[in-house]
Amino acid sequence: MTYGVGMKLDHGLIFMSDTRTNAGVDNISTFTKMHQWTVPGERVVTVLSAGNLATTQAVMSVLDERTKAPIDREPSILETPTMFRTAELVGETVASTIARHRGEGQEAESTFDATLIVGGQIVGMPPRLFLVYPEGNFIEASADTPFLQIGETKYGKPILVRAFDPEMTFVEAVKLLLVSFDSTIKANLSVGAPLDVVWYANDSLDATAPRRIDASNPDWMAVSDGWGDALRAAFGSLPDPDLDGLPSR
């Protein structure tokens with residue numbers, strides 16, 4: 001399992017994902033779940049992946065190989081005319097990869113499933129953000145749903161719902177994501193550091209390099225400790241419930 005988030009802010013996109021993969025408590029590894037394709041001045045595409053590692057790596061490999069083989073008749077993520085078509089291409093690749101391998105190995109229905117977040121911008125069009133399902137279909141982020149999550153979503157969602165503001169800066173967005181990931185990591189052993197984060201400013205049409213945040217990062221530790229202290233203080237300030245028969249200790 002993993003955890004990944006893509007956010008659509010007024011001034012850009014931001015993505016964060018963990019790097020933990022596990023096949024049991026004694027078999028834990030680190031793999032990036034964040035991938036980028038860039039043609040400076042023309043397009044930037046970022047993909048986060050969650051699900052079966054073999055499936056997600058196969059999908060990423062197929063998408064990447066197509067960008068390196070111009071004589072191949074299969075479409076390339078660097079040639080799609082719109083971000084909508086980019087999401088369609090990623091969805092088609094996910095669905096075909098799962099269909100090709102389903103029935104091999106373990107007989108679990110979801111063994112080879114994968115879910116992805118796809119976001120970016122193509123010149124002349126606005127940035128867009130999509131959530132792609134294993135079946136190949138997808139939804140798009142909007143004003144009503146400005147952030148998308150994949151993987152182990154339930155522990156980190158409450159803070160996003162309560163605190164997200166589309167006008168927040170990238171610094172504020174990273175802080176919010178760190179709190180969301182910290183809450184998830186504390187509640188679920190299948191999600192863990194280091195974390196990868198990348199941001200994209202509207203109309204820049206060039207990628208920033210993903211930054212890696214490890215468990216000893218002082219900024220993350222300060223946010224984690226500060227959030228814990230703030231929660232305890234907020235809890236202590238709440239009024240006590242007044243129920244008949246409720247003992248005081």
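The values are calculated or read from the model by the stated rules, or taken from the named source; none is laboratory data. Because the structure is predicted, anything quoted here is derived from the model rather than measured. So basically every Cβ, Gly included, is an ideal-geometry build from the backbone, and we count neighbours across all protein chains shown.
A few comments on the model shown:
- Residue in the range 106-121 that is modelled with the lowest pLDDT, counting only those that are part of a strand (DSSP E or B) and not hydroxyl-bearing (Ser, Thr, Tyr): 114
- Of all the residues in the range 90-105, those that are among the small types (Gly, Ala, Ser) and either surrounded by 12 or more Cβ atoms within 10 Å (Cβ to Cβ) or at pLDDT 90 or above (or both) number 4.
- Every test in (1) touching a residue at least 24 places away in the same chain (Cβ under 8 Å); (2) more than 13 Å from the chain's Cα centre (by Cα); (3) in a strand (DSSP E or B) is passed by residue 130 save one, and that test is (2).
- As for the range 212-224, it holds no residue that is among the basic types (Lys, Arg) and out of contact with any Pro (no Cβ under 6 Å at 6 or more places or on another chain).
- The range 2-60, subset surrounded by fewer than 20 Cβ atoms within 10 Å (Cβ to Cβ) and among the charged types (D, E, K, R), residue modelled with the lowest pLDDT: 26
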